[in-house]
Each structure stands twice: as C-alpha cells, then as structure tokens.
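Single-structure report; data block below.
The values are calculated or read from the model by the stated rules, or taken from the named source; none is laboratory data. Just so it is clear, the structure is predicted and the values come from calculations on it, not from any experiment. Cβ atoms come from the backbone with ideal geometry, glycine included; neighbour counts cover every protein chain shown. Heads up: the accessible areas ignore ligands, DNA and RNA and are worked out on the full protein's heavy atoms, side chains in. Shrake-Rupley method; radii C 1.70, N 1.55, O 1.52, S 1.80 Å.
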Amino acid sequence: MKKIILILLLAVLSGCASYSQNFQQVETLLLQGKPEQALLEMEKQPKTKADRFLYWVDKAMLQRMAGLYPQSNQSFEAAKAVIEELDGISVVEQVGALTINDAVLSYEGESYEQVAIHVYAALNYIQLGLWDEARVEALQVDVRLKALAKAQDDDDANIYTEDAFSRYLTAFIYEQGGEWSDAMIAYRKAYQAYIKYQKSFAVAVPSFLKHDLLRLSKKMGLDKEYQGYQQQFKLQKPHLTNDAQAGEVVLLFHHALAPIKRAQEIVVYNHEGIALRISMPYYQSRASRVKKVQLHIGKHVVETVLVNDFDAIARASLEQHKPAMIARLIARTMLKKAAAKKAERNNGAFAGFLLNVAGILTETADTRSWLTLPKNIHFARLRLKAGTYPAKLSLIGQQGQVISTITMPDVLIQQRQKTVIEKTWLGLAATTP
Amino acid sequence: MYKTNLKIMMVAALLLGLTACSSTSVNRVDSDSVQDLSGSWNDTDSRLVSANMVRDVLSRKWLVKYQVKQEKNPVVIVGKIRNLSHEHINLRTFIKDLERELLNSGEVEFVASSQEREAIRSERDDQAYNASTDTQHAAGQETGADFMLQGEINTIMDAAGDMQVKFYQIDLNLISLKNNRKVWAGQKRIKKVLEKEGFFR
C-alpha cells in the first residue's frame, strides 16, 4: 500500500490547474483595460519553477501595458537569464517529463517567443528615449537569430528561421542613429524574411519596407540595387522625399492577444496497433476584429499594414513540434501502462488499478505559451515636418466599417528624429465573448 | 519489502526534488576580488579598464605640454560614453570609475558633471536669497573644462557549439573644448572565452 504515497505525490504534482486556465482572470482584467490590476492578480497566482520563463515575460508585458517601462525591462532581463540557465536542461526534469507529463519540464520559450523578448524590450527603451539601449537589443536579436539559423542546419523542416519584424525594427533603430549601412543590411534581411513569411504565415512584404529599401539604397548610392527594387516593386510614387529636416512618426498597434493552448484527448495507435489515449495541445485563436488602423495625424491620414502575426507563427510552431510530441506521448503512455501491469502482477489488482488511474490523472497536455503577446502587430510610418500634431486612430473592421475611434496624446515630431507611438488594443470589453 | 520501500522513497525524493524550495545564503567578499559569473561586463572589467586607460592618458605627452605651457593642470570633464555593445552595461559606474581615477591622480583638475552642476547652481541660487552675504557664493565663477573625455564600448561576439568568445573594445578620446582637437586616443581590449558546461547533456 506504500504505492498510495507515490500516487498521491503524482496527483499533487498535476493537481494545479493548467497554465492557460490560470490566465483567465488576468485576461478579464486586461480586457477591462486594467493592466495594473492584472499585474496584482498575476502575482497572487501560484508560481512554479518550471513556468518561471512565462512568469517573467507575462509580467514584463503587463508592466509595459501599465507604462512601467524600466520595470518591464528588468523582467525581460530576468526572462533572458532563464533562457541562458535552461540552455543545459537538467536530467532530473527530463526524467520527470518522460514519466509524468510535459508540463513538469521547464518552459524556455519557443524560438519566436525568445525573439519577441528583444522586440518588446527594444520598444520599451525607445519609449524611454534610450535608443542606444534599444540598439543593444537589436544586436542581441541578431545573435539569437544567428544561433537559430545555425540550429536549422540539422533540421531543415523548421518553418520559423528568421524573424522579419524584428529585423525591420532593428533597421530603423540603426537608421535613427545614422548608421545607414547597418540599417540597409537589416532592411534587406527583413525583406528576405518577409518573402518567406508570405508563404508560411500569409504576411506580405509591408509597403513601407519597399519604400525604405528604395529610399535608403538611393541615399547610399547603391544604384543597381535601387533599380532592382524599382523593377520589383513598381511603386507609383516612391517616397523619396529627401527632406533632411523632416521627422517621422512610427505607429505600432498591438492587436488582441496571442492564441491560447487547450488540451485535447486523441486516440493514437502504437507500433503494435494498440489504441492509446493521449492528451495533445491545440491552439485556439482569439477573435480578430480589426483589419487595419488609420492614423489621423494633423491633416494626414496613413493606413497600417500587418507586420507580424504571432497567431500564425505560434500555430505553425506547434504543428512543427507535433510529430515529436506524439512520439514522446506514446512512449510515456506505454511506460505508465507497463508500470501498472507490473504493479498488478507483484502487488495485486488494486495496486495496478491505482497506478493506472494515477497515470491517466497525470497525463495532461502542456498548454503553456506566452499569452500576453498580441495576436498581431499593425504598423505605419510617415514623414512629417517638425511640430506638434493632434492624433487619433480609427480601427477598421473586417467589413471596412469603423469599429472604434481612439484619441491619442498629441505627437511631438522633432527634426530628423523618429517618434514611436504605440497602442495596445485588446478588444472592446463589452463585446468580447 | 525493504526493497520496495527504498524504491518508493527514491521516487518520492526525486519528485520532491522537482518541487524543492531554495534558500538564500549570502557571503561577503572583497569587492576587489574577481568573480566571473556569466561572462558579461562586470565590476572587475569596469575597474580594470578605467584604471588602465587613465594610466595611459596621464602618461602621454599632451599632459606635460599643457602643464608647461599653461603652468597649471588641465581641467577635465567626462562626457558621453556610448554603449554600442551587445550588453546593457551600467555606464554610470564606469564613468564614476573613470572620474575617480582621474581625480585621484592629482595631475588634472576636475569639474562637476552637467547633472551635478545643475544641482549646485540651484543651491547657489538658493544661497543668493537665503545665505548671509559674507558666506554666499556668487554665480559666474565656475571653472570651465579644457578637455572632455568621450568614448564608446563595442563588442564582437562569436559562438560555435558550447564555446563563445566575447571581444570588448573600449575607445576613449580626449578632446580639447577650445578647438575640438583630439589630444589623446586610447584603446583597451578584453577578450573572454566562455565554455558552457551542460549538466547531463
């Protein structure tokens, strides 16, 4: 009967609600536009060592939504430290994952989540006016993406090999500092990545990027490249205004939330043709109501384009992991069954039954993912003469109707400077299901 | 039966190990001791680089030339040092290290930084109203700096497998405020080789 202790232990370990279930209350507060309270709610929830990556990144996102940019960056740094630390996974955890469930494994973030840390940390620094520190993040993105590309060599199948938006963001961080050649390299990398994104995630090459490539290649005297882009893009009137005195406004619209993982029971067959019940995660997308955003600034109107789609990237990443995940789940289910059989033979039918129950109870899908990321990012940029402009956003729905109008604080444009304005919009609380 | 007990205990211990709590212990160490944890820029680097570069700047000819010609020590200020590296480096401690080394050398005079100046000016404004006339200090008697120390920190990273090489290059320039001439350019390089030791990999 000592087995009962073991079973109790197993039950305790899996007793806590899954990560995505715990998130519900935080999300409710976020939808009500109360990030400060969501932060407090999040601190109240139980924390596990295995989920510390998610704790830090979620905290960082809530902090930036509440305007606490320096604190947010401290949290992002803590998340980066977790990634470093988990680079060599401890064997104890892996044994746990093989015999209990995937959720006991420390979560170190999907590749796209690890890159997103740098994107949002850089945006925090930009909001604080610390462009040199944003540049540090730009360099770190490059290091991370290089490591990712290296890892691809043995695994050609991976769909996420470059991060188009982070390349685009780093390009204009370099541009702000007057580092034209670095900016040009980053713009090119962004362009190459977006061509792949078009196929993999249905995110087209942003029109703004085309103008940037034309503008900068012309400025740098890269005539052949400039002509090449002209032929490829066939833009009616490229934005080549060389008004050196003009400033620029950049709008980033973080729309809705990333998809959430749910658990699903499926039946698979092992190599002997025996049916096994396993629990698999699947993604549930959030409602997408905004198709694009119009930025009204002074007398000008500019429309956003989609530059990043976390929803599509997350889904593709999960699809990628599925075969390995199923193989692991089958192996684990067989192990548990074998243990139960052995217990039945040695300690009687009841012991076997208890272990079987414990095996089923502890079999839950790993539903962890970075939930406070947006569903997607919309982007616009516009060159403007220095001055202060009133600004508002019109959110355009899927049918072209105006869903909502948001008044923004006045925008100060300075000569030769970029002014980055951001809006996180999670949906209209009243109408969100 | 003993055997079964032992097995169950071991499994329990293993599982508990997964959820075990941790405690913090603190040891005080000499702040001059070298402790490399992550391979990132740390207090030792900051101290060594500032000491090394200040020694260099003070051993060059510009200083003697100035002292002979002007018959006084030059007045120096530490200006902007840009971090162009891969890491978020605490530039404030680095600048403070530089300032301390320069000041304590006795070879140069030092004026307060622009932030410190603001605070002192507001105190002087306050004195003008509130302090007795024989103790107050008048405005317009500040010492202007002759030279400004500027610079940047760059890094080159390279990694393959478990090996990582970090290369830091710190460039500092001393520029004359009178005519923008560079009187000294110093460079210090640090190369760090990191080897990640995976646990049961």
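I'd like to check something: does segment B:60-73 contain any residue that is open to solvent by less than 40 Å² (accessible area, probe 1.4 Å) and in contact (Cβ under 8 Å) with a residue 60 or more places away in the chain?
Checked against the condition, which is being open to solvent by less than 40 Å² (accessible area, probe 1.4 Å) and in contact (Cβ under 8 Å) with a residue 60 or more places away in the chain, segment B:60-73 yields at least one hit.
Mind checking which pairs have a first residue in segment A:356-373 that is closer than 24 Å to A:Q284 by Cα and a second that is charged (D, E, K, R) and modelled with pLDDT of 75 or more, Cβ under 6 Å, 6 or more apart or different chains?
Every condition considered, the pairs that remain are A:T367/A:K261; A:S369/A:K261; A:W370/A:E113; A:T372/A:D58.
Of (1) within 14 Å of chain A (Cβ to nearest Cβ); (2) more than 26 Å from A:L148 (Cα to Cα); (3) over 22 Å from the mean Cα position of the chain (by Cα), B:D126 satisfies all except one. Which?
Going through (1) within 14 Å of chain A (Cβ to nearest Cβ); (2) more than 26 Å from A:L148 (Cα to Cα); (3) over 22 Å from the mean Cα position of the chain (by Cα) one by one, B:D126 breaks only (1).
Across segment B:74-90, what is the number of residues that are open to solvent by less than 30 Å² (accessible area, probe 1.4 Å) and farther than 17 Å from B:S176 by Cβ?
So the count comes out to 7.
Looking at A:E272, is it more than 27 Å from A:K261 (Cβ to Cβ), among the acidic types (D, E), modelled with pLDDT of 90 or more and open to solvent by 50 Å² or more (accessible area, probe 1.4 Å)?
Answer is no for this residue.
For segment B:121-170, which positions are touching an Asp or Glu at 6+ places or on another chain (Cβ under 6 Å) and open to solvent by less than 40 Å² (accessible area, probe 1.4 Å)?
Passing the criteria: only B:G151.
Looking at A:L209, A:L257, which one is crowded, with 16+ Cβ neighbours inside 10 Å and more than 30 Å from A:L329 (Cα to Cα)?
Just one listed residue meets the conditions, A:L209.
Can you tell me which of A:V26, A:V57 is open to solvent by less than 20 Å² (accessible area, probe 1.4 Å) and under 19 Å from A:A287 (Cβ atoms)?
Result of the check over A:V26, A:V57: A:V26.
I'd like to know if segment A:233-246 contains one or more residues that are assigned to a helix (DSSP H, G or I) and either within 30 Å of A:V26 (Cα to Cα) or open to solvent by less than 50 Å² (accessible area, probe 1.4 Å) (or both).
yes
If you scan segment A:135-150, which residues turn out to be open to solvent by less than 20 Å² (accessible area, probe 1.4 Å) and either among the polar types (S, T, N, Q) or more than 9 Å from chain B (Cβ to nearest Cβ) (or both)?
Selection gives A:A138, A:V141, A:L145.
If you take the residues in segment A:13-39 that are within 14 Å of another protein chain (Cβ to nearest Cβ) and over 19 Å from A:A343 (Cβ atoms), which one is modelled with the lowest pLDDT?
A:G15
Whether any residue in segment A:71-85 is outside any helix (DSSP H, G or I) and modelled with pLDDT of 85 or more is what I want to check.
no
Report, by residue number, each residue of segment B:171-191 that is within 30 Å of A:Q140 (Cβ to Cβ), open to solvent by less than 30 Å² (accessible area, probe 1.4 Å) and in contact with an Asp or Glu (Cβ under 8 Å, 6 or more places away or on another chain).
Passing the criteria: B:G186, B:I190.
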